[in-house]
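Okay, so here's the structure we're looking at.
The values are calculated or read from the model by the stated rules, or taken from the named source; none is laboratory data. From a predicted model like this one, the values you see are computed outputs, not experimental measurements. When we count neighbours, we look across all protein chains shown, and the Cβ atoms used for this are built from the backbone with ideal geometry, even at glycine. Accessible surface is based on the protein model in full, side chains and every heavy atom, while ligands, DNA and RNA are left aside. Shrake-Rupley method; radii C 1.70, N 1.55, O 1.52, S 1.80 Å.
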Amino acid sequence: MSKHWKIFLAVLLGLSMATPAMAMKFEFHGDLNNRFLLYTDQAGFFQTQRGAQVLDPDDRADSWGEIKSRLVFSGENDDGSVKGVYALEVGALRFGRDAGVGNSFQGGFSGDGVNVETRWFYTDFQIPGVASKARFQLGLFSNTVNPFFWAETAMGVKFYTDNFYVAWLRGKEKLTGSAQDWGDNDLDSLTARYDLKMDPFKVGLFASYLWQNAPLPTAGFIDMSTFDALASYEVKKLPDINFNLLALGVDGGWSTKTGFGKVFINWDLIYETGKLEDVSFDNATRISPDISAYLLHADIGANFGAATLTLTSYYASGKDQSSTSNDLDAYIAVDVDRTDSIVLQEGGYTDDTYFTERPYVHDYGLWLNKLALDYQATKKTKLGAAILYLQTAEDAILSTGKKTKDIGTEFDAYVSHKIYDNLEAALNFGYLWSGDVMDDFETGTTAGNGKADADIFRSTAMLRYLF
């Protein structure tokens, strides 16, 4: 036997003997989502990241298809003490989109460009010698503080048990410059959450503190005179400024069985306080406005056999546009994805193209009221409909000087069907009878007349394979 074969057999024997001590469990999952904007009469309203959002009384009809898919790889010890997860995402990649709109949106001929995103990449392990769950998570992972405040991936370190967690997360990272202090330029957060379940109640308490220190220019303030609240009134989109924000919240639910099914209530109460330091809204006067804002939400619902009726209402405080005070009374989210409305939010299946992902509009706030009926027609088929009435929390002041809160009335409907257990087809649509607030977004000859002249229709579909 040759020397090379002897070495090969020795290594193979060593690996086979080590296998029991290195036993691992591997998993591979996928979410392959094919989505279609079947039709909209206002394609210019759903620009999101790619231009001004406008309504055209002459209509801008459009339709298109896209993919958004995720692949998730994980490996863990046979006892689950250590786990590593990597997830990649491709999309939203539109059929036929060319390089002119950026690599991450390409889908034209001869390849798709650079469009692969790292969605999760983290290590998760149990503290040795602790019998109950006591684990650390490090890297890029899903971070859920509250679905109205912060529910998106983020990078950091998290310690968690069965009902408690504390996490340090960093949203922005920049090197310290000359004559700057430790921590300058970075956007950091500390969050703690405690969940308690006592049937029929569940209650969660959380506190989240975010802060950022930014160097001041020679003027002694950071100019925010051109700040666009419609596009950027969200912590993740704020410019590099000095600010701190503390959010305190309580959320939870209650349910009980009845003779006809089940009755349930869900709630969220969030209060925010903080301050912006050394900013200017007129590029001349330095101010440090205080933040004092809140959000209230409740669902009240009941199950009647295969049907569920739910009344949803939430109120996100806004800034009084006619007030001379510089203080900020408008509720602000960190990073969320609200799906309450098909027309205004991410309720459409093409949920990377939307008007807003937040539970408010501009810094006007939002008062949303929604009555929804969901019906499980068969084991594989579900359908539903909803009526929404939407207002801003504070008056929007139109270009004519008119004050109004009326966003409009919306009707939504959907149907979904499981072709196989892990293959779903779904169709939905939403129609908004626009209120006068929407005159703010109009273009053309009727723009700025103080009245809504363009309603909005959107219909989307998906074919989604999960494994």
Checklist entry - Just going by the charge dipole of the stretch 309-362, with Lys and Arg at +1 and Asp and Glu at -1 on Cβ, which of Thr350, Ala333, Tyr315 is farthest out on the positive end? => result Tyr315
Item to check | Accessible area in square angstrom per residue, the stretch 207-339, 1.4 angstrom probe | outcome: 44
Checklist entry - About the Cα centre of the stretch 145-236, what is the dipole size in debye to 20, counting +1 per Lys and Arg Cβ and -1 per Asp and Glu Cβ, all else neutral? => result 240
Item to check | Principal axes of the stretch 123-206: Cα extent on each, largest first, Å | outcome: 55, 35, 19
Checklist entry - Give or take rounding to whole Å, what are the principal axis extents of the alpha carbon atoms in the stretch 169-255, in descending order? => result 58, 31, 17
Checklist entry - Using the C-alpha atoms of the stretch 216-256, what convex hull volume per residue, in cubic angstrom, is computed? => result 102
Next on the checklist: Bin width 10 Å, origin at 0, all Cα-Cα pairs of the stretch 237-291: what percent of pairs per bin?
Outcome noted: 18, 29, 19, 14, 12, 7, 1
Item to check | If the convex hull is drawn through the Cα atoms of the stretch 394-467, its volume per residue in Å³ | outcome: 112
Item to check | Residue among Ile270, Phe221, Ala302 farthest towards the positive dipole end of the stretch 189-332, charges placed on Cβ | outcome: Ala302
Checklist entry - For the stretch 261-359, what does the equivalent ellipsoid look like in terms of its semi-axes, each the square root of 5 times an eigenvalue of the Cα gyration tensor, given largest first in whole Å? => result 36, 17, 10
Checklist outcome for this item: extent check for the stretch 103-250: Cα max minus min per principal axis, descending, whole Å, gives 54, 50, 34
Checklist outcome for this item: Within the stretch 370-442, DSSP-loop trypsin sites (Lys or Arg not before Pro) with at most 11 other C-beta atoms within 10 Å are Lys379
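If each residue of separation counts as 0.36 nm, what is the full-extension length gain between Thr409 and Ser74 once their alpha-carbon separation is subtracted?
116.1 nm
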Item to check | Helix-only [θ]222 nm of the chain, DSSP H runs n ≥ 4, -39500 (n - 2.57) each, per residue, nearest 500 | outcome: -1500 deg cm²/dmol
Checklist entry - Can you give the charge dipole size of the chain about its Cα centre, rounded to the nearest 20 debye, using +1 on the beta carbon of Lys and Arg and -1 on the beta carbon of Asp and Glu? => result 2020
Checklist entry - Taking Cα atoms, how many degrees apart are the long axis of helix 3-18 and the longest axis of the chain, rounded to 10 and kept between 0 and 90? => result 60
Item to check | Two-decimal Rg to Rh for the stretch 257-317 - Kirkwood Rh, Cα set | outcome: 1.38
Item to check | Label-reachable residues, the stretch 368-403, where backbone N falls under 19 Å from a point 7 Å from Phe304's Cα toward its Cβ | outcome: 370-378, 382-388
Item to check | For the chain, with +1 on Lys and Arg beta carbons and -1 on Asp and Glu, the positive-most of Ala192, Leu205, Trp120 along the dipole | outcome: Trp120
Checklist outcome for this item: With bins of 5 Å, the percent of all Cα-Cα pairs of the stretch 333-450 per bin from 0 is 2, 11, 17, 20, 18, 13, 8, 5, 4, 2, 1, 0
Checklist outcome for this item: With R₀ set to 22 angstrom, the calculated FRET efficiency between the beta-carbons of Ala425 and Leu88, to the nearest 0.05, is 0.35
Checklist outcome for this item: To the nearest 0.05, the calculated FRET efficiency linking Asn449 and Phe136 through their beta-carbon distance, R0 being 60 Å, is 0.55
Checklist entry - Which pairs, out of Lys172/Lys319; Lys262/Lys382; Lys405/Lys451; Lys275/Lys319, put more than 21 Å between their alpha-carbon atoms? => result Lys172/Lys319
Next on the checklist: Explain nothing, just the number: dipole magnitude of the stretch 305-368 about its Cα centre with +1 on each Lys and Arg Cβ and -1 on each Asp and Glu Cβ, in debye rounded to the nearest 20.
Outcome noted: 220
Checklist entry - Which FRET efficiency, nearest 0.05, do Asn163 and Ile127 yield, Cβ-Cβ r, R0 25 Å? => result 0.95
Checklist entry - Which value in Å is the Kirkwood Rh of the chain over different Cα pairs? => result 25.2
Item to check | Accessible surface of the stretch 254-398, 1.4 Å probe, proportion on carbon and sulfur as whole % | outcome: 55
Item to check | Neighbourhood charge, 15 Å Cβ-Cβ cut-off, centred on Lys451 and excluding it, Lys, Arg +1 and Asp, Glu -1 | outcome: -4
